[in-house]
Amino acid sequence: MLIVMHHKATDEDIQRVKDTIERIGYRPVVIPGAERTAIGVIGNQGWVDDSPFQELPGIREVIHVTKPYKLVSRDFHPEDTVVRVAEGIEIGSGRDFTVIAGPCAVESREQMLRVGQALSEMGIRLLRGGAFKPRTSPHSFQGLREEGLKILAEVKASTGMRVVTEVMNPEHVEEVAAVADILQIGARNMQNYDLLIEVGRAKKPVLLKRGIAATLEEWLASAEYILVQGTEEVVLCERGIRTYERATRNTADLSVIPLVKEFSHLPVIFDPSHATGKRSLVRPMALASVMAGADGVMIEVHPEPDRALSDAGQSIDLQSFREIYQALKRLWEFKREITISTC
Ligand code: PEP
Ligand code: MN
């Protein structure tokens, strides 16, 4: 950390900053300048909390040199992490493009068996469906909760698919992890640190969605909470961020995908359904994410999208999904060819 002093800072101000640095266990190094003095903080292993400096007089700026994450960073771990979900299901290996599909919410046994059967016949191995649903309004459908988990377990047993489902509460981690092969942390809970710690302890792969207004740094710092618990199996999921634009539900930040790859070794997938909120945009944005470098996509598919109890407007039917899936596979192969031939 570097503390830049005001040009009018007094010797007492500088001394107070030096004393504070020593008080919190580090060493100050004064760097005099023509205009102003800067003070370097030396001896830290990771992120330094800047709150002891916030109210001190004479400080112009506090610059963090160390990131608030370490285990997730590429500097610390240069090779790509491959998340192994089950035999033959790997995310981030570069060999396959991962496709997770299924309805927003588990609504009934019939709905899940129908969609699971159809997707499994297409070759999809990862089924999504929320049993616990984080809804903006308490008057909206909240998910079938425990009953939804039972349905997921049944579909899993009958199709052999692996399940991705959200957990919203630290107290539910154990029961959700008993069914889920990947524990999803939703956008609203990206900074629910108790929940992150608890899913990290479950020693299961985690799908960490980007918060609605989270910076890349905040998102990676949240992933760090999970890795600190000893789980390296974290997949990041870009799902759009809140901007002034209301023509789409969120604004898809595709540029964050290659950027994540620069900063972190963790795999990253894209959710074109929540990122756009519009059925017609799912295909073009899913395809665009392949070229942006995503390791996969997660798409909301419903046997009767207009009757979906949540996220109907962005859910696509099975036939549309089949076409998108074929296109994704072809584009992925094409991208692999041009990457190999131009390297
Ligand atoms: C979901 O995946 O259904 C969901 C609620 O997503 P998000 O947390 O990204 O809004
Ligand atoms: Mn949804």
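The values are calculated or read from the model by the stated rules, or taken from the named source; none is laboratory data. Keep in mind that what you see is a predicted model, and the values were worked out from it rather than measured. Virtual Cβ from ideal backbone geometry, glycine too; neighbours counted across all protein chains shown. For the accessible areas, the whole protein counts, side chains as well, though only heavy atoms, and no ligand, DNA or RNA atoms are used. Shrake-Rupley method; radii C 1.70, N 1.55, O 1.52, S 1.80 Å.
Things to note:
- Mean silhouette area of region 28-148, derived from the convex hull of its C-alpha atoms and averaged over all directions, reads 14.7 nm².
- Distance violations [Cα-Cα > 25 Å] among 204/261; 203/335; 70/278; 156/278; 67/335; 70/203: 203/335; 70/278; 156/278; 67/335
- Kirkwood Rh and Cα Rg combined as Rg/Rh, region 109-155: 1.04
- MRE, 222 nm, helices only [DSSP H, n ≥ 4, -39500 (n - 2.57), over the chain, to nearest 500]: -11000 deg cm²/dmol
- Set of lysines with alpha-carbon distance to residue 8 below 21 Å, sequence-local pairs under 8 removed: 18
- The eigenvalues of the Cα gyration tensor, multiplied by 5 and square-rooted, give region 83-342 an equivalent ellipsoid with semi-axes of 24, 22, 19 Å from largest to smallest.
- When the charge dipole of the chain is built from unit charges on Cβ atoms (+1 for Lys and Arg, -1 for Asp and Glu) and taken about the Cα centre, the candidate among 193, 182, 26 whose Cα reaches farthest toward its positive end is 182.
- Compactness of region 2-63 - radius of gyration and Dmax, Cα, Å: 10.7, 31
- Highest mobility in the GNM of the chain, judged by mean-square fluctuation with C-alpha springs under 10 Å and restricted to 324, 299, 100, is found for 324.
- Surface accessible to a 1.4 Å probe, residue 150 within the full protein complex, Å²: 130 Å²
- Using equal-weight Cα scatterers in the Debye expression, the normalised intensity of region 121-222 in log10 at q = 0.11, 0.12, 0.16, 0.20 Å⁻¹ is -0.34, -0.40, -0.70, -1.02.
- Annotation: per residue accessible area for the chain equals 47 Å², rounded to a whole number [probe 1.4 Å, protein chains only].
- The antiparallel fraction among DSSP beta bridges confined to the chain stands at about 40%.
- Tail fraction, Cα-Cα pairs, region 261-312, threshold 19 Å, whole percent: 33 percent
- Shown here for region 3-97: GluC sites (Glu not before Pro) in loop regions (DSSP other than H, G, I, E, B) with at most 12 other Cβ atoms within 10 Å, namely 35, 55, 79, 87.
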